[in-house]
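Coordinate-derived values only; no laboratory data. The shown structure was predicted, so the numbers you read here are calculated from the model rather than taken from an experiment. When we count neighbours, we look across all protein chains shown, and the Cβ atoms used for this are built from the backbone with ideal geometry, even at glycine.
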Amino acid sequence: MFPLSTGIAFVAGLGLGVLAVLWLVYERRDLRQASGRRPSAHHCVRCDAVYGAPGTAGSMPCPRCGHPNPALRF
């Protein structure tokens, strides 16, 4: 049989391996879905309003005055 310390090290390594695989799977999934979850920020040049829009839209109308404004780039 194996010594107790070798068995503990094996179980701990197996647990860390499972956690690493789960982390990689969820990071990859988040990167694929990131563009749809992040809202874009817009600043209206006509009425000086700052507003957000879902997704990465190029030009969205202002909710106050209706003037189309491009998304801010950071």
Neighbour-limited loop hits for trypsin sites (Lys or Arg not before Pro), segment 1-64 (at most 16 other Cβ within 10 Å; DSSP other than H, G, I, E, B): Arg46, Arg64
Out of Ala53, Phe74, Trp23, whose Cα points farthest toward the positive end of the dipole of the chain (charges: +1 Lys, Arg; -1 Asp, Glu; placed on Cβ)? Ala53
For the chain, what's the relative contact order in percent, using C-alpha pairs closer than 8 Å and at least 6 residues apart? 22 percent
Would you calculate a helix-derived [θ] at 222 nm for the chain, using -39,500 (n - 2.57) for each DSSP H run of n ≥ 4 and dividing by the full residue count, to the nearest 500? -17000 deg cm²/dmol
In debye to the nearest 20, how big a dipole does the chain give about its Cα centre with +1 on each Lys and Arg Cβ and -1 on each Asp and Glu Cβ? 260 debye
On Cα atoms only, tilt of 4-37 relative to the major axis of the chain in degrees: 10 degrees
Quick one: net charge of His67's neighbours, Cβ under 15 Å, K/R +1, D/E -1? +1
J(HN,Hα) series, segment 63-68, from Karplus relation 6.51 cos²θ - 1.76 cosθ + 1.60, nearest Hz, glycine and proline x: x, 7, 10, x, 6, x
How compact is the chain by the rule of thumb for globular proteins, expressed as Cα Rg over 2.2 N^0.38 Å? 2.13
